[in-house]
Amino acid sequence: MKTLLARLVTEALAALAQAGTLPADVHPEVQIERTRERAHGDFATNVAMTLAKVARRKPRELAEALVAALPAHPQLARVEIAGPGFINFFMAPAAWQAVIATVLDQGSAYGRSNAGGGVKTQVEFVSANPTGPLHVGHGRAAAIGDTLARLFEATGWDVTREFYYNDAGVQIGNLALSVQARIRGLEPGAPGWPEDGYRGEYIRDIAADYLAGKAVVADDRQVQAKADPDDLDAIRDFAVAYLRHEQDLDLRAFGVAFDVYYLESSLYADGLVERTVARLAGSGRTYESDGALWLASTAYGDDKDRVMRKRDGSYTYFLPDVAYHWTKWERGYRRVVTELGADHHGSLARVRAGLQALDVGIPPGWPEYVLHQMVTVLRNGEEVKISKRAGGYVTLRDLIDEVGRDATRFFLIMRKSDSQLVFDIDLAKQQSLDNPVYYIQYAHARVCSVMRQADDKGIPFDAAAGRASLGRLDDPHEEALMLQLDRYPELIAVAARDDEPHLLAGYLRELAQGLHAYYNAQPFLVDDAERRNARLALIAAVRQVIANGLTLLGVSAPESM
RNA sequence: GCGCCCGUAGCUCAGCUGGAUAGAGCGCUGCCCUCCGGAGGCAGAGGUCAGGGGUUCGAAUCCCUUCGGGCGCGCCA
């Protein structure tokens, strides 16, 4: 409908230009927006105001001329001029009613599009190092990254989910030493316990399994424990596989699956770090100072120059980060989203600057970054502290076990990633109206229940009859719902374009609210078969869109609760 | 000190790439079940959109600035 209106307005503008009311050389972008209030019609445009200056006419005068030149269309019932010069469009009821048939025809495909045109796209997220179980922050990353990936898939992008981690660095060495200390029966803090060792109970579990010679299978590796307390390499390999496996279980319980696991160590093994150094050196933007090799990254928008190679000859993490993102480009991903905790925001400007310095055709501003702010967990109104080193923190799996996957995913996605998020465990656990995820799921279950009732009463929903009688839908609640349904594809497109999955959570809440209000205002199973089937067609369409939206969030749409 | 993010109702937060009288949930007050699931709905109170400048037909939204909070600012990852 938006595109229809935009076309009509453009035609009218062309006619005005022809008549000399408008200068011939203006080609304004016609904005059609949804109105906030029904009194303002269904859609509105502000072109008369934006063009008033170049046309040297008063906005309302211009609006009059434009409306006079507007071609008639059966879907357009009425046009009004209001306020400072808005042109308000009132659509014919049939135009709204048509959305119901569209939803029912398209089913789970409603809302999908091909905006991405099949372009190879990658979402990198979670990317936790295998030094412990995943915590709530990783959960937020997983919810955001996976939902984005689903949104991209729904809008025609060819998506790969990637998990990047380091299996060979300082932290991993520390992990191996911690497990070895546990193998030797040491407790955290005891003499001989490694400095900055991992103190969590899970280290003890790894030690026990290692000694027992167990085998461990993770999604990207498998290892048989050697049970030798002195073989630090073997301990490390086992511990990494063990924790990777634990993370796999967490992610699976969360409904998240990765296509690719990328190892930082492979960047070194495959010579990609060296190649990156050489390429950067060739840029003429590197220099030696204090015995270290620097990149003049300030030339590319960074706020200070960065050390590439330290005085001791080893590389800083800046280099593998650039090398890694270069591989993303080389592997053909043209849209890339890197999802990180906001505490890593410093790497953003550095990596982009490094990629520019490579001069390999990567556009400025590539890749997209989505940074999420901190998660605070509340239990009994008190903050639960998260401390990885000390152990005993709230893990993702604790949350899933306690509040369930649906509520966990929903709570972690419902806020804008830029905002800090308070995760109230007690609220998330509540199976009541206070809990938004139950409220939405209940709307879905409620429609299913009405359909069952219809069957029981021997008046099952007749979809064909419903479609033929859509003209019977004239209640304000019905109009509001049709409007909401019509908006859904646009919302999906915007959420995918702007990397804002939280919009979908808010939309679904509003749609559910519309359904509940309608339910209370009107009976559906009325004797008048035309009206009854028309109403059932409407709520069937609402159920379909709720299901489609929940699927994109990775949340189930139950038929009864 | 510098950079990024945030500041909207008592609380938690939306506000759809600048639009008309700023919204929702919870909490509070008062209503609504002979009816398809009351696990619901309706109405009301509650705001200097942190403060101050600017840009323009129009600003919660864009720019500058002050204040407050979070996170970064290492030849750690």
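Determine the calculated [θ] at 222 nm for chain A from helices alone, applying -39500 (n - 2.57) to every DSSP H run no shorter than 4 residues and normalising by the residue count; nearest 500 deg cm²/dmol.
Taking each H run of at least 4 residues, the total per residue is -16000 deg cm²/dmol.
Compute the length gained on full extension between residue A:334 and residue A:359: take 0.36 nm times their separation in residues and subtract their Cα-Cα distance, giving the result in nm to one decimal. Please report the intermediate quantities before stating the final value.
Details: separation 25, 0.36 × 25 = 9.00 nm, distance 1.58 nm.
Gain on stretching residue A:334 to residue A:359: 7.4 nm.
Express the carbon and sulfur contribution to the solvent-accessible surface of chain A as a percent, rounded to the nearest whole number, probe 1.4 angstrom.
In chain A, the share of accessible area belonging to carbon and sulfur is 49 percent.
Put a dot 7 Å past each Cα toward the Cβ at residue A:449 and residue A:431; how far apart are the dots in nm?
Label at residue A:431, label at residue A:449, 1.4 nm between them.
Calculate, for chain A, the solvent-accessible area per residue in square angstrom, rolling a 1.4 angstrom probe over the heavy atoms of the protein chains. Kindly include the intermediate steps, with their values, before the conclusion.
Working: 24610 Å² over 561 residues.
On a per-residue basis, 44 Å².
Please report, in whole Å, how far the alpha carbons of chain A spread along each principal axis, starting with the longest.
Reported extents, whole Å, longest axis first: 85, 66, 39.
Percent antiparallel among DSSP beta bridges with both residues in chain A, to the nearest 5?
Antiparallel: roughly 55 percent of the beta bridges in chain A.
Could you order peptides A:470-478, A:106-114 by the average number of other Cβ atoms within 10 Å of their residues, highest first?
Packing proxy ranking, top to bottom: A:470-478, A:106-114.
Rg (Å, one decimal) plus Dmax (Å, integer) for the alpha carbons of region A:18-116?
Here Rg and the maximum Cα pair distance are 16.5, 49 Å.
Modelled label-to-label distance, residue A:252 and residue A:551, 7 Å Cα→beta-carbon offset: nm?
Result for the modelled spin labels: 2.4 nm.
Using 0.36 nm per residue of separation minus the Cα-Cα distance, give me the extension gain between residue A:34 and residue A:418 in nm, one decimal.
135.7 nm
Run the quick spin-label model on residue A:10 and residue A:101: label points 7 Å from Cα toward the beta carbon, then report their separation in nm to one decimal.
2.6 nm
With θ set to phi - 60°, apply the Karplus curve 6.51 cos²θ - 1.76 cosθ + 1.60 along region A:548-561 and write out the HN-Hα couplings as whole Hz, x wherever there is a Gly or Pro.
4, x, 4, 4, 5, 8, x, 10, 6, 10, x, 7, 8, 10
Once amide H atoms are built 1.01 Å from N in the peptide plane, which residues 5 or more positions from residue A:370, or in another chain, come under 5 Å H to H?
A:338, A:339, A:340
Among all the lysines, which ones have a C-alpha under 20 Å from residue A:214's C-alpha, if same-chain residues fewer than 8 places away are not counted?
By straight Cα distance, residue A:214 reaches A:226.
When the chain is fully extended, how far beyond the present Cα-Cα distance does residue A:108 get from residue A:92, taking 0.36 nm per residue of separation?
Values: separation 16, 0.36 × 16 = 5.76 nm, distance 2.67 nm.
Extra length from residue A:108 to residue A:92 when fully extended: 3.1 nm.
Angle, helix A:136-154 long axis vs. longest principal axis of chain A, Cα atoms, 0 to 90°, nearest 10?
With rounding to tens, the tilt is 50 degrees.
The values are calculated or read from the model by the stated rules, or taken from the named source; none is laboratory data. As the structure is a computational prediction, the values presented were derived from the model and not from experiment. As a convention, Cβ positions derive from the backbone with ideal geometry for all residues, glycine included, and neighbour counts pool all protein chains shown. Note: accessible area is taken over every heavy atom of the protein model, side chains too, but ligands, DNA and RNA are not part of it. Shrake-Rupley method; radii C 1.70, N 1.55, O 1.52, S 1.80 Å.
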